[in-house]
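A quick write-up on the structure given underneath.
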Amino acid sequence: MAELLLALDVKGAEEAIRVSRACEGELDAIKIGYPLILSTGMGIVKELAKSNIPIIADFKVADIPNTNALICEEVFAAGCSGIITHVFCGSDSLQAIVDGAHDHGGRAFAVCEMSHPGALDFLSGANAERMAKMAKEAGADGIIAPATRPERTEILRSIIGNSMKIYSPGVGAQGAQPEDIKKYVDGIIVGRAIYESADPGKAAHEFRLRAL
Ligand code: XMP
């Protein structure tokens, strides 16, 4: 059984609140990213969190350790409960995010292999496997791995074991189906297939059932 995370990549507070309200009761977490935050500011986090749902900041952080620690301070002060970081900046940068999240009572997730075709240029294969090992060594709470390549996510699962979570984007608009991936992961991440739907609540309900 996999959780359902909504990738709320809409623009503007009104649309974010409309979609999140429509999906209430169907979601395990909301993932926010640059499209929403750049159009509304971080104040939207507290608004969304009013319904007691965890908010994960998908900022794919990729900077030096000091800057990463400063980013964590802002993300968790705003009310997020998790953050997504890149790993390729190295173990010290990764550790700053993991420690920054944990110091604020939050969780850190590391991007190991991405879901889009261009991931095959760099963010896949041996690089991804190495980054999964680094995420485990750093004490990350989980990794991000692709629903579009279940065979790769299965390999990454074998590297990190069962004590870390895997959240998996690529379901819906990118072509993967919940049934393809649910046995390897702890949660599926769905964006456009829910928020662009004429009835986001119904779409979320259907994805939730299919992820069971
Ligand atoms: P869609 O609309 O394609 O949205 O369902 C997917 C969401 O997930 C993000 N995304 C990723 N994030 N690693 C990540 O950390 C990935 O491989 C990846 N692929 C997609 C995307 O930004 C959107 O929010």
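Readers should treat all values here as calculations from the given coordinates under stated rules, not as data from a laboratory. If you're wondering where the values come from, they're calculated on a predicted model, not measured in any experiment. FYI the Cβ positions are ideal-geometry reconstructions off the backbone, even for glycines, and counts take in every protein chain you see.
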Under the Karplus relation with 6.51, -1.76 and 1.60 and θ = phi - 60°, whole-Hz ³J(HN,Hα) for the range 143-154, x at Gly and Pro, equal 10, 10, 9, x, 6, 6, 9, x, 5, 6, 5, 4
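Roughly what % of DSSP beta bridges within the range 3-211 run antiparallel, to the nearest 5? Intermediate values should be presented prior to the final figure.
Working: 0 of 29 bridges.
That works out to approximately 0 percent antiparallel.
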Place a point 7 Å from the Cα of Asn66 in the direction of its beta carbon; the residues of the range 101-121 whose amide N falls under 19 Å from it are 101
Dipole-positive endmost among Cys23, Met42, Ala69 within the chain (Cβ charges, Cα centre) = Cys23
Phi to ³J(HN,Hα) by Karplus 6.51 cos²θ - 1.76 cosθ + 1.60 over the range 129-134, Hz, x for Gly, Pro = 5, 5, 5, 5, 5, 5
Give the peptides 91-97, 72-78 in descending order of average Cβ contacts within 10 Å, highest first.
-> 91-97, 72-78
Roughly speaking, what is the centre-to-centre gap between the range 1-42 and the range 131-190 when only Cα atoms are used, to the nearest Å?
-> 20 Å
How big is the charge dipole of the chain about its Cα centre, in debye rounded to the nearest 20, if each Lys and Arg gets +1 on its Cβ and each Asp and Glu gets -1 on its Cβ?
-> 320 debye
Remind me, what semi-axes does the chain give for its equivalent ellipsoid, largest first in whole Å, using sqrt of 5 times each Cα gyration tensor eigenvalue?
-> 25, 22, 14
Lysines with Cα under 28 Å of Lys165, excluding same-chain neighbours fewer than 8 positions away = Lys31, Lys46, Lys50, Lys60, Lys133, Lys136, Lys182, Lys183, Lys202
Beta carbons within 10 angstrom, averaged per residue: use that to sort the peptides 153-159, 50-56, highest first.
-> 153-159, 50-56
